Amino acid sequence: MRKIVTIIGTRPQLVKVAPVSRVLRKQFHEVLVNTGQHYDYNMAGVFFEELQIPRPDYDLGVGSGSHGRQTGEMLIRLEELLLKEKPDAVLVYGDTNSTLAGALAASKLHMPLMHIEAGLRSFNKRMPEELNRIMTDHVSDLLFAPTDTAVQNLAAEGITRNVHQVGDVMYDAMIYNASVARNKYDLKRFGVTENAFFLATIHRAENTDDPVRLRAIFESLMALNADVVLPLHPRTRNRLKDSGIDVSTANAGRLKIVDPVSYLEMLLLETNARGIITDSGGVQKEAYFARKPCFTLRPQTEWVETVQAGWNCLVDVTTERLSDIIADKLKDTPKYVENLYGDGKAAEKIVSHITDFLGG
Ligand code: UD1
Ligand code: UDP
C-alpha cells in the first residue's frame, strides 16, 4: 500500500481531515501527524473524539509561538519524521503555519506535495494565511481547489498542472454530521431559542491584534439588541484582556460569551441561528451551507461565491453600523444556489485523483 503522510494541527484542519481520512484509508496507508499548533481540549481533543479522527501517529506538541518560532519548530520535526517515514506523498490542508511547515518540509525533500483547499486568495498579503497559501500552492504537485474561482486564481499565478476542482471538504463534514448534532445537543445550554439569536466568532489576527478594531467589533456586538452567542477563541480572549475591553456578563448585556464549542455544538448553533457574524473562513461557508445570512467582519473574503450569491456581506464596523446592515439584510431572503461548494463528495474525488496521481 502506498504511504501518505498527512499533516494537521489546528481546529479547522481537524474538521477537514475527518471526511478525507475516512476515504483515504480505504486505499492508502495514512500516517497522521499532528503538529499540536492547537492544543487545548476545546480547540483540538474534542474534535478528535467527536469526528472520530484516527489517533495521530505523531504528536509533535509544537504549541504556540511567533510565526518564525512556531513554523521553524514544526519544520525541524517534520523534516526528521519525513526522512524516517519516506512517504510516497505528503498531504496538507488549508493555510495555517502547520500547512506551510508541511509544504516546506516535503518540497525541500522532493516528496510529492498535495494541497487541499488550494487556490484561495484574499489578495491581502498582510494576512499570514495569504502568505501561507501562496507559498504552499507554488510548491504543491497536486492541488485540490474547492471552487472555479480558486482554479482561476491558480491559473493567474501560472499554476495549471495537476489542479482539480473537487468542491469543499467542509461541506462533506457538515453533511455527515448535521443530523448527529441535532440529536446530541440542546440549544437550552446556551440560553437561546431557535431563530432568535445570532452566532458570532472572531479570531483573525487583523481583527484581534488591532485594539481599535477589536473594541469596535465587541461594541457592535453588544449594541445589537439581540441575543448573540460567541464561542471565544483563546487568541481573542487574550487580546480582549490586553486591551482592557470589558466583556463581563455585567457589561456585555445580551452578548453571551462562552468557551470554544465542539464541532457538533457549533453545527447546532449555526443551523438554528437567525444569522451569523464572523471573521472565520470555515464559518462563512458553513453559514451558507446552513442557509443563514452571514456578516463577515473583514475587508475581503476568499469565499467570494457566498457574497456573489447574496448570502454574505462584508462589514467594516469602524465605519458602518452592524445593527443597521443586519436589519437591512434580513428584510429579504436571497435565492439559494445549490452546490456552490460541490456536492458533498469532495473527499471521494480527492482520493480518486490521488490514486491516479500516485497509482493505487
Ligand atoms: C490559526 C491560524 C489561522 C486559523 C486559526 C483557526 C496561522 C498563522 N493561523 O490562528 O489561519 O484561522 O488557527 O482557529 O496558522 N491558543 C491557546 N490554545 C490553543 C491554541 C491557541 O491558548 O489550543 C492561543 C495562544 O495564546 C496562541 C494564540 O491562541 O498564541 C494563537 O494561536 P495560533 O495557533 O498561533 O493562531 P490562531 O489565531 O489560532
Ligand atoms: N468551530 C467550532 N467551534 C468553535 C468555533 C469554530 O467547532 O467554537 C468550527 C467551525 O464550525 C468550523 C471550524 O471550526 O468548522 C472553523 O475554524 P476556525 O474558525 O477556527 O478557523 P478558520 O476556518 O477561520 O481558519
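The values are calculated or read from the model by the stated rules, or taken from the named source; none is laboratory data. Keep in mind the model is a prediction, meaning the values are calculated, not measured. Note that we place each Cβ from the backbone using ideal geometry, even for glycine, and neighbour counts take in every protein chain shown.
For the range 189-245, the set of residues classified as of a type in the set (A, V, I, L, M), over 18 Å from H38 (Cβ atoms) and touching a residue at least 60 places away in the same chain (Cβ under 8 Å) consists of V192, A196, L199, A200, V212, A216, I217, L221, A223, L224, listed by residue number. If only residues of the range 1-16 that are part of a helix (DSSP H, G or I) and in contact with a strand residue (DSSP E or B) (Cβ under 6 Å, 6 or more places away or on another chain) are counted, the one that is surrounded by the most Cβ atoms within 10 Å (Cβ to Cβ) is Q13. From the residues in the range 142-185 that are among the charged types (D, E, K, R) and free of Cβ contacts under 8 Å to residues at least 60 places away in the same chain, which one is farthest from D343 (Cα to Cα)? Filtering first and then ranking leaves E157. Taking each residue of the range 42-61 that is farther than 16 Å from V31 by Cα and looking for partners that are acidic (D, E) with beta-carbon atoms closer than 7 Å, six or more apart or interchain, yields N42/D259. Total residues in the range 310-343 satisfying the condition of being closer than 30 Å to A145 by Cβ and touching a Pro at 6+ places or on another chain (Cβ under 9 Å): the figure is 11.
Taking the range 37-138 as the region of interest, the helices (runs of 4 or more DSSP H) fully inside it that hold 2 or more residues being farther than 15 Å from I7 by Cβ, at pLDDT 95 or above and away from ligand 2 (no atom under 16 Å from the Cβ) are 67-85. For the range 36-47, the set of residues classified as closer than 12 Å to G9 by Cβ and more than 9 Å from ligand 1 (Cβ to nearest atom) consists of F47 only.
When V247, V228, V151 are checked against the criterion of being assigned to a loop (DSSP other than H, G, I, E, B), in contact with a strand residue (DSSP E or B) (Cβ under 7 Å, 6 or more places away or on another chain) and more than 15 Å from ligand 1 (Cβ to nearest atom), a single residue qualifies: V247.
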